[in-house]
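In what follows, a structure is listed as structure tokens, so that the remarks can point back to it.
What follows draws every value from the coordinates through simple rules; no lab data is involved. Worth saying up front: this structure is predicted, and the values here are computed from it rather than measured. Quick reminder, even Gly has a Cβ in these numbers, built from the backbone with ideal geometry, and neighbours come from all protein chains shown.
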């Protein structure tokens, strides 16, 4: 049975593509067969990482009503997923602009059931972030869980814009989490680096579209930058070890 990781969150700019890239390289370094798809119609972030060998999906068509997402193109995605070999992992990065039509497609076409019958298991990954987008991402995650009955769920907490906390309560203490926690398989807490050099080096790595392995091995970076990235990689990967993959 292969595992399909679908990254979903209606709020843009919260780290979905970073999570997709992080998960892909983590699985690659575990020796797992990984196939990546970029289903973001606006930003081609995941597909711009050469080492991830991502397939870019063209969801946009020109019609008499202008440019729009053609939901039939999602059929092509499901078809390609269904062809993946057993024991492989498929990662699908999605954009906020495709969120509503993709979620409607997944629900109305019973995609989790179709994939299950084809021997694939669906895992939905969603993001909750600190800062101004906290409430939007919280409610978005809760709505996903309520609308999708079958998939496994993983929630990623991204503290890049601030602590994932509200009124003194951590995510796990919030009522919104308590209401859905039976459906949540894993909560992944991404690190909040206190040393400003770590996020600067990570941002530079991402801007150059390098994986951790790429960046650590490139002589173009300084010795200390490569060391910090190695420390950051170890921290990220240790947190991903909690995933049942």
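To the nearest Å, what is the center-to-center distance of the stretch 110-189 and the stretch 1-42, using C-alpha atoms only?
One Cα centre to the other: 15 Å.
What ranking do 161, 156 get, fewest neighbouring Cβ atoms within 10 angstrom at the top? It would help to have the intermediate numbers written out before the result.
Working: 161 15, 156 28.
Ordered from fewest to most neighbouring Cβ atoms within 10 Å, 161, 156 come out as 161, 156.
With N residues in the chain, what two-decimal value do you get for its Cα radius of gyration over 2.2 N^0.38 Å?
Numbers: Rg = 17.9 Å, N = 245, 2.2 N^0.38 = 17.8 Å.
Taking N as the residue count of the chain, the ratio is 1.00.
Rounded, prolate or oblate, given the Cα gyration tensor of the stretch 1-119, with a/c below 1.5 counting as rounded? Could the numbers behind the result be given before it?
Details: a/c = 1.85, a/b = 1.26, b/c = 1.46.
Judged from the Cα gyration tensor, the stretch 1-119 comes out oblate (a/c at least 1.5, b/c at or above a/b).
From the helices alone, meaning DSSP H stretches of at least four residues, give me the mean residue ellipticity at 222 nm for the chain, per-run term -39500 (n - 2.57), in deg cm²/dmol to the nearest 500.
Values: 9 runs with 94 residues, N = 245.
It lands at -11500 deg cm²/dmol.
Just rank 238, 44, fewest to most, by other beta-carbon atoms within 10 angstrom. Working shown, then result.
Numbers: 238 10, 44 14.
Arranged by neighbour count, lowest to highest, 238, 44 become 238, 44.
Within the stretch 2-195, what percent of beta bridges assigned by DSSP are antiparallel, to the nearest 5? Show your work: numbers first, answer last.
Numbers: 6 of 37 bridges.
Percentage antiparallel, nearest 5: 15.
Modelled label-to-label distance, residue 167 and residue 68, 7 Å Cα→beta-carbon offset: nm?
Computed distance between label sites residue 167 and residue 68 equals 4.1 nm.
Hey, fewest Cβ within 10 Å first, where do 40, 58, 167 land in order? Don't jump to the answer; show the numbers that get you there.
Numbers: 40 25, 58 10, 167 6.
Ordered from fewest to most neighbouring Cβ atoms within 10 Å, 40, 58, 167 come out as 167, 58, 40.
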